[in-house]
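Trainee: Below: one structure in structure tokens.
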Amino acid sequence: MPIGGRLSARRSTHRNRSCLMKPYLALAHGIDRVNEWLGRFAVWAVFISCMVSAVNATMRYLLDYSSNAWLEVQWYLFAVTVMLGAAWVLKLNEHVRVDVVYGGRTGPTKAKIDLFGLLVFLMPAALLMVWMSWPWFLEAWHSGEISGNAGGLIRWPVKLLIPFGFLMLSLQGIAEIIKRIAFLRGQYDMDTQYERPLQ
């Protein structure tokens, strides 16, 4: 076969592979957008929690009034922060890693390490948490469970956050797997830079 024909065949094969990845990448970017929105909501939950804490402390010291409901609202908001923020942190590539394994590696090697971690550790654990926590939420929902504290709140909303948060983390895991496969195939530009968190 002439050289031009071989080059044309290679380009055609590469285009076909790129076309195969397009719907998967579109799915990954859709998941990214949803989790980014939820992550920004989680950031606001931190701010609201701080405001609730400040108002509660002011009322307690100035007016000698307090309620367990205010304390539980802070707890619920903290749950929102953790459970809705986890998937966004994964999307931003900010989860803590073992620097000895990950630190000075090249982009493709980092992507392979990420793929291994996502498939072997993250996905099984996150899906197991969805499966195990769903009945726990349903029990609270059906029984109308209320906090045992005087003036406490209903419990099912905060229990729903657990399976929902792990479901969104699982979906983000799928998005990250897609992006890393596309990156390794040369069909997606991804920033593999990882900065160790300051402690």
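Rule-based calculations on the coordinates, nothing more; no lab input. Predicted model, so just to flag it, every value in this text is computed and none were measured. Neighbour counts are summed over all protein chains in view; Cβ atoms, including those assigned to glycine, are modelled from backbone coordinates with ideal geometry.
Trainee: Pairs of lysine in the stretch 3-184 with Cα under 29 Å and at least 8 positions apart or on different chains: total?
Mentor: The number of close lysine pairs in the stretch 3-184 is 10.
Trainee: A follow-up question, please. For the stretch 110-199, which GluC sites (Glu not before Pro) pass both filters: DSSP loop (anything but H, G, I, E, B) and at most 11 other C-beta atoms within 10 Å?
Mentor: Values: sites: Glu139, Glu145, Glu176, Glu195; in loops: Glu145, Glu195.
Here the GluC sites (Glu not before Pro) that fit, given the DSSP loop and packing criteria, are Glu195.
Trainee: Going by amide H atoms built from the backbone, whose H comes under 5 Å of the H on Arg155, apart from near neighbours?
Mentor: Glu145, Ile146, Ser147
Trainee: Only Cα pairs under 8 Å and at least 6 apart count here; give the relative contact order of the stretch 3-184 as a rounded whole percent. Before the final figure, lay out each step's value.
Mentor: Numbers: 172 pairs, mean separation 58.2, N = 182.
Contact order relative to length: 32 percent.
Trainee: Mind jotting down the three principal axis lengths of the stretch 3-184 based on Cα atoms? Whole angstrom, largest first.
Mentor: Principal extents (Cα only, largest first): 86, 36, 29 Å.
Trainee: In nm, what is the difference between 0.36 nm times the number of residues separating Lys22 and Lys112 and their Cα-Cα distance?
Mentor: Full-extension gain reported as 30.3 nm.
Trainee: So, one more: Quick query: amide H of Met190 versus all other amide H atoms, modeled in the peptide plane; which residues come in under 5 Å with a sequence gap of 5 or more or a different chain?
Mentor: Counting only residues 5 or more places away or on other chains, the set is empty.
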